[in-house]
Amino acid sequence: MKKFALIAGALASVLSTSAMAAPAYNGHDNRSAPQRVEQRGDDRGRDDVRQTRTQQNANHKWNKGDRFDSRQARNYRVIAQPKAYGIKQAPKGHRWVQSGNDAILIGITSGVVAAVLANVIR
């Protein structure tokens with residue numbers, strides 16, 4: 001009789017613990033429920049963030065051997081005709097890109113900066 005009481009008590013303990021830990025199920029799961037997003041009535045916070053990112057990116061200096069990230073580049077674009085800026089053609093596997101007034105030679109597959117020509121683009 002003691003074994004039966006002991007087993008029943010242990011089983012009740014295990015079942016009650018898992019039932020308390022499980023989330024409430026109301027006929028659907030919460031994975032597709034929209035997330036609440038708090039928004040301010042004004043845009044002050046967003047403008048501050050944009051200005052901070054611009055200021056950080058504006059002071060970024062590229063060096064040979066750095067990994068190039070276009071999100072950190074200011075005024076990023078690929079230079080399709082480097083001869084128009086007095087720059088020689090990029091070697092095979094490389095391309096010239098613009099970051100601000102600088103022309104940067106990067107490896108296409110690796111993204112590593114091979115050369116930096118400062119203030120070439122006006």
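Amide H contacts for residue 66 (H built 1.01 Å from N in the peptide plane; partners 5 or more residues away or on another chain; cut-off under 5 Å): 113. In this entry, the stretch 63-122 is assigned a mean projected area of 3.7 nm², taken as a quarter of its C-alpha convex hull surface.
Label separation (residue 69 vs residue 118): 2.3 nm, computed from points 7 Å beyond Cα along the C-beta direction.
FYI, it's all coordinate maths here, none of it is from the lab. From a predicted model like this one, the values you see are computed outputs, not experimental measurements. Please note: Cβ atoms are built from the backbone with ideal geometry, for glycine as well, and neighbour counts cover all protein chains shown.
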